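The values are calculated or read from the model by the stated rules, or taken from the named source; none is laboratory data. In this text, all values refer to a predicted model and were calculated from it rather than measured experimentally. All Cβ positions, glycine included, derive from the backbone under ideal geometry; neighbour counts span all protein chains shown. Ligands, DNA and RNA are stripped out before the accessible areas are found, and what is left, the full protein with its side chains, is counted by its heavy atoms. Shrake-Rupley method; radii C 1.70, N 1.55, O 1.52, S 1.80 Å.
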Amino acid sequence: MSEFFKTVKSSKITISELMLPSHTNFSGKIHGGYILSLLDQIAFACASKFSGHYCVTASVDTVYFLNPIEVGELVTMKASVNYVGKSSMIIGIRVESENIQNGKVKHCNSSYFTMVAKDENEKSVLVPGLILSNDQEIKRFCNCIKQISLKKERNQHEEIFDYKSETSLENLKSYRIKLENF
């Protein structure tokens, strides 16, 4: 069986939703948790569309909240597959809000979700390979490779780092903390 490939373009999904007063936090802005819920939905839709399988969220690797979103603004989320592994995909999502009265658009959020394709028995399944068609798609794929490498490096550091060493404890003194019982 030869490997199956799909384009980044075939994974693209856009959703728009008008922000209502029921979506606000205590300061009157749109609640970040509500936006995270929408991000998870579009990541699922994008990954499932691309892979042809049910997908689960493995990790939310990065969420940058750049600008607040106001009640009455139209929020548009654009998602695409930026990277594929064997059963995993990294979905890049851009969130913009538009003041529908004056047309002003602002970039509010960028996010990266790692999604895993599953079969009916909840076992990971192979996803299609990715066809990169332009410089932007190549750049996004390479950035994902870099992020994966940094994540592995961080996890390795986590496993071997001695938090209780004399040097580590001494370095903590430059922070606004108090160490008790050491």
_Suppose accessible area is computed on protein heavy atoms with a 1.4 Å probe; arrange Glu73, Glu166 from highest to lowest._
Glu166, Glu73
*Please get the size of the charge dipole for the chain, origin at its Cα centre, with Cβ charges of +1 on Lys and Arg and -1 on Asp and Glu, quoted in debye to the nearest 20.*
380
_Test of understanding: in a Gaussian network model of the chain with alpha carbons linked when under 10 Å, which of Glu159, Glu170, Glu96 would top the mean-square fluctuation ranking?_
Glu170
_Karplus 3J(HN,Hα) series, Hz, for region 62-67 with 6.51 cos²θ - 1.76 cosθ + 1.60 (x for Gly, Pro)_ = 8, 9, 10, 8, 9, 9
*Label zone at Glu17 (point 7 Å along Cα-to-Cβ), backbone N below 11 Å, region 48-89*: 75-77
*May I ask you to give the solvent-accessible area per residue for region 79-182, in square angstrom, as obtained with a 1.4 angstrom probe?*
72
*asked:* Under the 0.36 nm per residue contour assumption, what length would be gained going from the current alpha-carbon distance of Ile160 and Ile145 to full extension?
replied: 3.1 nm
*Based on Cβ point charges of +1 for Lys and Arg and -1 for Asp and Glu, what charge dipole magnitude is obtained for region 69-151 about its Cα centre, in debye rounded to the nearest 20?*
360
*Proximal lysines to Lys9, defined as alpha-carbon separation beneath 16 angstrom and excluding residues fewer than eight positions away on the same chain*: Lys49, Lys78, Lys139
*According to a simple spin-label model (label point 7 Å from Cα along Cα-to-Cβ), what is the distance in nm between Asp119 and Thr7?*
3.0
*With springs connecting C-alpha atoms under 10 Å apart, model the chain as a Gaussian network and identify which of Glu137, Glu153, Glu70 has the largest mean-square fluctuation.*
Glu153
*When the chain is modelled as a GNM with alpha-carbon springs shorter than 10 Å, which of Asn25, Asn155, Asn99 fluctuates the most?*
Asn155
*Using only protein heavy atoms and a 1.4 Å probe, report how much of Phe4 is accessible, in Å² to the nearest 10.*
130
_Charge dipole magnitude, Cβ of K and R +1, D and E -1 - region 125-171, Cα centre, debye nearest 20_ = 320
